[in-house]
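What follows is a short report on a single structure.
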Amino acid sequence: MISRLKLTQTIKFHQIRRKYSVQMSKFDQNPLPYEKLKDTLQIVKERLKHPLTLTEKILYSHLESPKDQEIERGKSYLKLRPDRIAMQDATAQMAVLQFISSGLPSVAVPTTIHCDHLIQAQKNSLSDLERSKEINKEVFDFLTSAAQKYGIGFWKPGSGIIHQIFLENYAFPGILMIGTDSHTPNGGGLGGLCIGVGGADAVDVMANIPWELKCPKVYGIHLTGKISGWSCPKDIILKVAGVLTVKGGTGAILEYFGSGTDEISCTGMGTICNMGAEVGATTSVFPYNDRMKKYLKATGREDIANCADKYKNELLTPDPNCNYDNIIEIDLEKLQSYVNGPYTPDRVNKIGELAENAKKNGWPMKLTNALIGSCTNSSYEDMSRCASLVKQAMSHGLKAKIPFYITPGSEQVRATMERDGLIQLFTDFGGTILANACGPCIGQWDRHDVKKGEKNTIISSYNRNFSGRNDANPGTHSFLASPEIVTAMSMADSLKFNPLKDELVGKDGEKFRLEPPKGHELPEKGFDAGDKTLFVPPSKSGDIELKINPSSKRLQKLEPFSKWDGKDFVDMVILIKIKGKCTTDHISAAGPWLTYRGHLDNISNNMFIGAVNEENGEMNKVKNRLTEEWGSVPDVARHYKANNVKWVAIAEENYGEGSSREHAALEPRHLGGKAIIVKSFARIHETNLKKQGLLPLTFIDHKDYDLIKPSDKISLIGLTSLRPGKAVDCEIRHADGNIDKIKLNHTMNDIHIGWFQAGSALNKMKESG
């Protein structure tokens, strides 16, 4: 009997081990958490007693306290335990500096840093990479040592774009992860909830503090039919952007479902989820299917695919008859090719109507540059489909008529392209291969073919096209399209060209029409990993000393923000009343300013320089109310701070849309701002403001925006009684002495109010020990 008991126990032990023997990634010791997630979700299902969406399954299976967590879509705040964190080099600097301030010895969850944002496109991949490594050596060395000290995986410059690296190596169906980049949702293409956050949120999770997220609504995107011809996954999200607009997805997760999801490749689903950030969605997700399984196998993770198969119905697909807050129907058979822009990703132009719209609106018709790649469209499938068009053109003796840039998404994609002849093909076509990095997509483009302010038109397969986004030139009309459309347009150099219908003229004078693109979902010979030395696995070496040169212009130790003094904010001056769109690019520009992402004081010199001042219709020119002189926004803010004058900024809709960069919240706090008052906020930015101790307030009546004049003074009254759900009293003192009283809304809960009172979330963390 004893031996049988021991045998039974041994069998059970090995059965349990088998359940947990599959690792989260080939770089981690942590096992896949499916069994734990299943147990947690079961507790929630017994409480809720209704079918669940995939979104709910993933979120609720990661709850800190499933037994007593309040759960109400759009209202309650969830405390969650993400599986891992990813940070890109630009945002990682401030996140790591904040983590250093916490005094903790190592990160509590698997974390990686990816060097992709600091590499500027100038000439070509090799020279640009070497130049960037030299220019950014101080920052790369700092991040390398911090990774080694705190147990963080480190992907070196040249390894690839964070989201492509994550999809290839770390994403798995059912994962909940956060990343310090707004396009983190790319991982939803592999069936996980991957959410963009500010660095302070990442610090919380690294410090083993539950991550807080307002329980999102769930919008279902019902896909039916099959994509064919020129249509591709990018066109799905370009269409969705037109339906929802840049703020229509705020507070919601987009969940794709229906038979059409099985017709899209895994990387194609990643493209769709990636650009979901442009409609304000918290993230996007697809249900686990065979296309994901094929991708997992192709990237050396068949064991994860096999494990996911076992939990498909329980964890990784929505329950039948689950409830969505909104449903958008898309028939893929009727999907068209779109070109969205300029200046906003939700301005939809059908390819057949583009020329007419350009003429009607006075957009420059001639194309000056075409660019494919970026984190949105840089998969092997994307590149092979574009290559099929290039082969057609070259068979007729044609090459690109304008500068044509190609950005591989990762070293693995680049190496596979090189092996299969695609790099040579694009080069022969007249294209320039850029480094495996973000490059022009985020403004890292040393462009010289047009002058600053000169009107011109470019087209790319990127995800964002705000004013000055790609090249810091407000005159650039940037259009977004599929990489296939962009490649075809490079052959004609004009918005008049419709590759679906129009003919090209070959070198021999013969006319021909491009056939629809074709490609390989996955490389027939498998992936080539390329340079394997570009990754440094995590290892805790706590004795490493992190040195930041006090005279450095790029790195600066953080000093804690001051605590709230317990008094109302009375007669604050208005630093700037912003007119029109105000993205994080307007608040804290990227491009050359990426140089100072680790130095709060220096990067604060770009605060609001891209925002339009309502008082004069100009950028970076505001009136100093103390001197009555005009000056730059940062200079005037510094003058107010030096004279202990509190200030506030006023803005319109969807303030802070775009990037997750928390510098857009840190800079106003650093330069003496106390509150931001707007018509509405973008999700990530509102959270970032709360984390840094600023008051994010919204007009109950949007007409009150017009009531405020730039010369007014603003008082926020009764802050000692600040409570969740209670409006804030605001007094507007006009220059003639008259006073208007209005009320302002906020979304702060007790925790957020604690951050405000402590001066910041980091201050509160230190207070709590």
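Cα centroid separation, segment 480-502 to segment 570-624: 36 Å.
With a Förster radius of 45 Å, plug the Cβ-Cβ distance of Lys26 and Lys547 into 1/(1 + (r/R0)^6) and report the FRET value to the nearest 0.05.
For R0 = 45 Å, the calculated efficiency reads 0.85.
Can you figure out the FRET efficiency of Ala735 with Asp601, using R₀ = 35 Å and their beta-carbon distance, to the nearest 0.05?
On the way: r = 33 Å, r/R0 = 0.93.
Efficiency for this residue pair is about 0.60.
Label-to-label distance, Lys38 versus Asn323, with points set 7 angstrom from Cα along the beta-carbon direction: 2.8 nm.
Of the trypsin sites (Lys or Arg not before Pro) found in segment 695-734, those in coil by DSSP whose Cβ has at most 15 other Cβ atoms within 10 Å are Lys703, Lys726.
Can you sort Ser374, Ser632 from fewest to most other Cβ atoms within 10 Å of each residue's own Cβ?
Details: Ser374 28, Ser632 17.
Fewest-to-most ranking of Ser374, Ser632: Ser632, Ser374.
Beta bridges assigned by DSSP with both partners in segment 34-333 are antiparallel in approximately 15 percent of cases.
Modelled this way, with points 7 Å down the Cα-to-C-beta line, the labels at Ser711 and Asp303 are 7.2 nm from one another. A DSSP coil position with no more than 16 other Cβ atoms inside 10 Å describes the following trypsin sites (Lys or Arg not before Pro) in segment 95-187: Lys123. Once phi is turned into ³J(HN,Hα) by the Karplus curve 6.51 cos²θ - 1.76 cosθ + 1.60 with θ = phi - 60°, what whole-Hz value does each residue of segment 399-404 show in order, with x for glycine and proline? Each residue's phi maps through the Karplus curve to give 10, 4, 8, 9, x, 10 Hz. Applying the Karplus relation 6.51 cos²θ - 1.76 cosθ + 1.60 with θ = phi - 60° to segment 149-160 yields 3J(HN,Hα) values of 6, 10, x, 10, x, 10, 9, 6, x, x, 6, x Hz, where x marks Gly and Pro. The orientation-averaged shadow of the Cα convex hull for the chain, equal to a quarter of the hull surface, comes to 34.6 nm².
Can you put Thr224, Thr271, Thr687 in order, fewest other beta carbons within 10 Å first?
Details: Thr224 15, Thr271 30, Thr687 26.
Listing Thr224, Thr271, Thr687 from fewest to most nearby Cβ atoms yields Thr224, Thr687, Thr271.
Computed about its Cα centre, the charge dipole of segment 472-580 is approximately 440 debye, with only Lys, Arg, Asp and Glu carrying charge at their Cβ. Of the trypsin sites (Lys or Arg not before Pro) found in segment 380-454, those in coil by DSSP whose Cβ has at most 12 other Cβ atoms within 10 Å are Lys451, Lys452.
Pairs with C-alpha atoms separated by more than 27 Å, drawn from the list Lys38/Lys247; Lys581/Lys623; Lys577/Lys691; Lys214/Lys641, are Lys38/Lys247; Lys214/Lys641. Going by neighbour counts of Cβ atoms within 10 Å, the residues Val633, Val570, Val348 line up, fewest first, as Val570, Val348, Val633. Scalar couplings 3J(HN,Hα) for segment 699-711, obtained by applying the Karplus form with A = 6.51, B = -1.76, C = 1.60 to θ = phi - 60°, are 5, 5, 10, 4, 5, 5, 4, 6, 5, 8, 10, x, 8 Hz; x denotes Gly and Pro.
Values in this text are rule-based calculations from the coordinates and carry no lab data. All values derive from a computational prediction rather than experimental measurement. Counting neighbours? That spans all protein chains shown, and the Cβs are built from the backbone with ideal geometry, glycine included.
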